[in-house]
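Here's the structure we're looking at; comments come further down.
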Amino acid sequence: MKNTKNDVILIPTDFSEVCQNAIDHGGSVAHIMKYRVVLLHVINKDTDKFLDDENLSDDAISEKLEKIAAEASKKYDVQVEFLVKKGDLFDNIKEASLTVGAKLIILGTHGKVGFQKITGSYVLKVIGITNIPTVIVQKRKYTEGYENIVFPITASTQDRQKVTWAINIAKLFDATIHMIPKFESGKFYKNRIMSITKQIKNLFDEYNVKYVDKVSSPTEGNYSKQVLDYAIANDAELIMTMVNKDKGLFFSSWDEKLIYNTAQIPVICINPVDTKKTTWVGY
């Protein structure tokens, strides 16, 4: 990925432990991708209450962010900036992502002691309001890049949109992509998945991406469990999934199981783009 002024990773923070983990994760990734990092804190009623309780001014937030940015910049040898916004958390994250031209968002979840407690449905909403790939991290630390990336494949043609990011990440980190086509008994969906998988393999071959093909089994439990069990067994540092905006709160139940996986493996959620308007690599 060629470095440009818009090669930015946006990291919202509520100053919780898990958001610090997101900053560490983002700093490590930014160093390898040659991106810059922008930290964001949105001052809202949660922040106001904290400031009132501690008898602090709004300037304390900027000072805190400045210190965190300086530490991350020195530790990961990347450019780190920060923004402070006031108002609605989700509107400001969306606005900031557009303002800085973010190409990636890294979001910490299950923070319990931060000002804003970005957890649960908050995370799903942040992912759903942007069209920017978002990496969800939990408390488990991953700061050494990606060596093994799990790539579930379903009958949805949107899965092919993950290929561009999979190729770029794999090339940057010299990673192996572990494809897991979903087992389907019906002839139509079985043939469709086989066709999609074959096209993805062809692209991986074309771009010299290392990959493994592991077909899910009809006898080893539900699909999300098989994906997670495989990711754990193969020490995966990243799982790729799509945001399905046709289903309820943008996610299917198995997507949510992946995002909030108990192994705390980071998950990158790719927002689908209308394929009628966008040309993707090889499609």
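The values are calculated or read from the model by the stated rules, or taken from the named source; none is laboratory data. What you see is a predicted model; the values in this text were computed from it and never measured. Don't worry about glycine lacking a Cβ; one is built from the backbone with ideal geometry, like all the others, and counts go over all protein chains shown.
Which of the residues spanning the stretch 201-210 are surrounded by fewer than 18 Cβ atoms within 10 Å (Cβ to Cβ) and not in a loop (DSSP other than H, G, I, E, B)? The answer is LYS201, ASN202, ASP205, GLU206, LYS210.
Among the residues of the stretch 14-45, those identified as within 15 Å of the chain's Cα centre (by Cα) and polar (S, T, N, Q) are ASN21, SER28.
Taking LYS103 and the conditions (1) among the charged types (D, E, K, R); (2) part of a helix (DSSP H, G or I); (3) closer than 30 Å to LEU258 by Cα, which numbered condition does it fall short on, given that it satisfies the others? That leaves (2) as the condition not met.
Which residues, counting only those in the stretch 166-200, are part of a helix (DSSP H, G or I) and either crowded, with 17+ Cβ neighbours inside 10 Å or touching an Asp or Glu at 6+ places or on another chain (Cβ under 7 Å) (or both)? Matches in the stretch 166-200: ALA166, ILE167, ILE169, ALA170, PHE173, LYS190, ILE193, ILE196, THR197, ILE200.
Taking the stretch 219-266, which residues are polar (S, T, N, Q), closer than 26 Å to GLY26 by Cα and modelled with pLDDT under 80? ASN244, the sole residue that qualifies.
For the stretch 44-66, what are the residues that are surrounded by 20 or more Cβ atoms within 10 Å (Cβ to Cβ), in contact (Cβ under 8 Å) with a residue 40 or more places away in the chain and within 11 Å of VAL84 (Cα to Cα)?
LEU65
When SER57 is tested against (1) within 29 Å of ILE169 (Cα to Cα); (2) part of a loop (DSSP other than H, G, I, E, B), just one condition goes unmet, and that condition is (1).
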